[in-house]
Amino acid sequence: MSDDSRRRRDATVLHVDMDAFYASVEVLHDPALRGRPVIVGGTGDRGVVASCSYEARVHGVHSAMPSTRARRLCPHAVFLAGRYELYSDYSRRIHEVFRSFTPLVEGIALDEAFLDVSGARRLFGEPPAIASAIRARIHDHVGLTASVGVATTKFVAKLASEAAKPRADRSGTRPGRGVVVVAPGEELAFLHPLPVQSLWGVGPATRRRLDRFGVRTIGDLAALPEATLVTALGPAVGHHLHQLAWAHDERAVEPDHQAKSIGHEETYARDHHELATLQREAVRLADSVASRLRKHELAGRTVNIKVRFHDFRTITRSRTVPSAVDTGPDIARVAAGLLEHVDPSPGVRLFGVSVSNLIDQRTRQLTLDDGDEQRGVTAAVDRIRGRFGDRAVGPATLVDDAGLRVKRQGDTQWGPAGPAGDGHSHEHGPAGPEDRRDG
């Protein structure tokens, strides 16, 4: 066994996941919400639930649910649009707590991270004690609660943190265990009784295929020969699920994990049918993507667009350019070219622009196209925005009667906002964080 394999086998991995993070932050800021069903997400007809309090979950509400259905299930809930900057600030404070225990922190969302605490035992004790200490420090310093899974691999640690969470159903809410430890040698006893959809990569389509084999639990899947899974699901998925079902996960915690792509997408309150409208949106999204690239000192060679039509049919298109780009006009030019081959007449409900195939800008090879004038203009724009805000300067095509239309990170992430309605909805500005279900 190599030293690297032995290190990963012996290293103790923690997965820390905040409990109902976005909703809990809102309750913390408005104590009058405590004990009430709170739902955070897109408040319009096309919105989705990003997070909800456990009081809302009693009524069957859960993350990723359409907001319209959440309103039917829990009409007396307080509906809140998200606040990206607020959640980002709390995320920064939480990650400071993580780094006070170990430098090996791999953040995977605003409210969750993997930690390798194998080198922290001398200072803080054994891993279960470290997990409890992290929970206590987050509660004392930030005012929020977290659930922690402790295991020898990232995959098992993540499932353990889910098992540690509070629960809510029609019978009411129940506190969670807070910390669940899966000791070395106990991985299969923990994994195999769990439902097969707990495995990363088992979505509805894969679940239907596994149903034909009578697979209901991870243990059922583990009992199938790997060759059977490969035949049914394909080589990549079949091998991947077979490995996970036997608790094989060689991934180490990567504190310097770099994003594979940077992008923005937006769901519109009304479908867009004109190419010219989408091309203006491409300029707006590209300008924001470029700003984020430069902020992280990155550039990319592949520009991607994503188009979702009124019937939810989704297409993606991409083009790789000879040299890496990090300016709004360059990205918008490629995105607009990709749009030329898309017919928006059926109605477009979502459009996105992203850049992938990323490189470190500091090691980028300059070309003759990278003139001093272009670099100077870009640097000037960044300085002006840094001093006066992102609406201070931008492409002229984005100016309307309301001023400069800027796409901000987290804006309408869960769908367009709706009217306040019956007095139970509270708008807090742009919808919030990127990504994911909220625990």
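The values are calculated or read from the model by the stated rules, or taken from the named source; none is laboratory data. Since the model is a prediction, treat every value here as computed from it, not as a measurement. Positions of Cβ are backbone-derived with ideal geometry, glycine not excepted, and every protein chain shown enters the neighbour counts.
From the list 311, 343, which one is part of a loop (DSSP other than H, G, I, E, B) and within 25 Å of residue 44 (Cα to Cα)? So that I can check it myself, show each step before the final result.
Details: 343 fails: within 25 Å of residue 44 (Cα to Cα).
Going through 311, 343 in turn, just one is part of a loop (DSSP other than H, G, I, E, B) and within 25 Å of residue 44 (Cα to Cα): 311.
Quick check on my filter: what residues within region 74-87 are crowded, with 16+ Cβ neighbours inside 10 Å and part of a helix (DSSP H, G or I)?
Within region 74-87, the first condition is being crowded, with 16+ Cβ neighbours inside 10 Å, and the residues that meet it are 74, 77-84, 86-87.
Listed by number, the residues that qualify are 84, 86, 87.
Being assigned to a helix (DSSP H, G or I) and closer than 30 Å to residue 218 by Cβ is the filter here, so list the residues in region 122-137 that pass it. Break it down stepwise before answering.
Taking region 122-137 as the starting set, the residues that turn out to be assigned to a helix (DSSP H, G or I) are 122-124, 127-137.
Those that are assigned to a helix (DSSP H, G or I) and closer than 30 Å to residue 218 by Cβ: 127, 128, 129, 130, 131, 132, 134, 135.
Starting from residues that are of a type outside the set (A, V, I, L, M, F, W, C) and surrounded by 14 or more Cβ atoms within 10 Å (Cβ to Cβ), keep the ones in region 242-253 and report whichever is nearest to the chain's Cα centre (by Cα).
If we filter region 242-253 for residues that are of a type outside the set (A, V, I, L, M, F, W, C), which is where we start, we get 242-243, 248-251.
This time we only want the ones that are surrounded by 14 or more Cβ atoms within 10 Å (Cβ to Cβ), so: 242-243, 249.
Numbers: 242: 26, 243: 24, 249: 21 Å.
Of everything passing the filter in region 242-253, 249 is nearest to the chain's Cα centre (by Cα).
Might you check whether a residue that is among the hydrophobic types (A, V, I, L, M, F, W, C) and at pLDDT below 95 occurs anywhere in region 165-174? So that I can check it myself, show each step before the final result.
Step one: list which residues in region 165-174 are among the hydrophobic types (A, V, I, L, M, F, W, C), which gives 168.
Then drop every residue that is not at pLDDT below 95, which leaves 168.
Yes, region 165-174 contains at least one residue that is among the hydrophobic types (A, V, I, L, M, F, W, C) and at pLDDT below 95.
Quick test for you: out of 208, 216, 167, pick the one residue that is assigned by TED's automatic domain parsing to the domain that holds residue 29, surrounded by fewer than 22 Cβ atoms within 10 Å (Cβ to Cβ) and of a type in the set (Lys, Arg). Before the answer, list the steps.
Numbers: 208 fails: assigned by TED's automatic domain parsing to the domain that holds residue 29; 216 fails: assigned by TED's automatic domain parsing to the domain that holds residue 29.
Answer to the check: 167.
Among strands (runs of 3 or more DSSP E) lying entirely in region 138-181, which contain 2 or more residues that are in contact (Cβ under 8 Å) with a residue 40 or more places away in the chain and at negative phi? Before the answer, list the steps.
Values: elements: 146-151, 167-169, 172-174, 179-181.
In region 138-181, the matching strands (runs of 3 or more DSSP E) lie at 146-151, 167-169, 179-181.
Which one of these is of a type in the set (Ser, Thr, Tyr), surrounded by fewer than 16 Cβ atoms within 10 Å (Cβ to Cβ) and in contact with a Leu (Cβ under 8 Å, 6 or more places away or on another chain): 261, 345? Can you show your working first?
Numbers: 345 fails: in contact with a Leu (Cβ under 8 Å, 6 or more places away or on another chain).
Only one candidate qualifies: 261.
Collect the residues in region 22-72 that are assigned to a strand (DSSP E or B), touching a residue at least 60 places away in the same chain (Cβ under 8 Å) and of a type in the set (A, V, I, L, M), keeping them in residue-number order.
Residues satisfying the conditions are 40, 48, 49, 50.
Going by what's in this entry, would residue 63 be described as among the small types (Gly, Ala, Ser), closer than 23 Å to residue 108 by Cα, modelled with pLDDT of 95 or more and in contact with an Asp or Glu (Cβ under 9 Å, 6 or more places away or on another chain)? Before you say what the answer is, go through the steps one by one.
Working: among the small types (Gly, Ala, Ser): yes; closer than 23 Å to residue 108 by Cα: yes; modelled with pLDDT of 95 or more: no; in contact with an Asp or Glu (Cβ under 9 Å, 6 or more places away or on another chain): yes.
In short, no.
Determine whether region 270-279 contains at least one residue that is in a helix (DSSP H, G or I), within 24 Å of the chain's Cα centre (by Cα) and within 28 Å of residue 313 (Cα to Cα). Show your work before the answer.
Taking region 270-279 first, the residues in a helix (DSSP H, G or I) are 275-279.
Now drop any that are not within 24 Å of the chain's Cα centre (by Cα), which leaves none.
No, because not a single residue in region 270-279 is in a helix (DSSP H, G or I), within 24 Å of the chain's Cα centre (by Cα) and within 28 Å of residue 313 (Cα to Cα).
Among the residues of region 275-297, is there at least one that is within 30 Å of residue 157 (Cα to Cα) and at pLDDT below 95?
So in region 275-297, the residues within 30 Å of residue 157 (Cα to Cα) come out as 296.
Then keep just the ones that are at pLDDT below 95; that gives 296.
Checking region 275-297: at least one residue is within 30 Å of residue 157 (Cα to Cα) and at pLDDT below 95.
How many of the residues making up region 126-160 are over 17 Å from residue 253 (Cβ atoms), out of contact with any helix residue (DSSP H, G or I) (no Cβ under 7 Å at 6 or more places or on another chain) and either of a type in the set (S, T, N, Q) or not assigned by TED's automatic domain parsing to the domain that holds residue 23 (or both)?
Number satisfying all stated conditions: 1.
Residue under question is residue 301, and the condition is that it be outside any strand (DSSP E or B) and either at pLDDT 90 or above or not assigned by TED's automatic domain parsing to the domain that holds residue 275 (or both); does it hold?
Numbers: outside any strand (DSSP E or B): no; either at pLDDT 90 or above or not assigned by TED's automatic domain parsing to the domain that holds residue 275 (or both): yes.
No, not satisfied.
On the basis of being in contact with a strand residue (DSSP E or B) (Cβ under 9 Å, 6 or more places away or on another chain), under 15 Å from residue 358 (Cβ atoms) and not in a strand (DSSP E or B), does residue 324 make the cut? Working first, answer last.
On the way: in contact with a strand residue (DSSP E or B) (Cβ under 9 Å, 6 or more places away or on another chain): yes; under 15 Å from residue 358 (Cβ atoms): yes; not in a strand (DSSP E or B): no.
Here the answer is no, as residue 324 does not meet what is asked.
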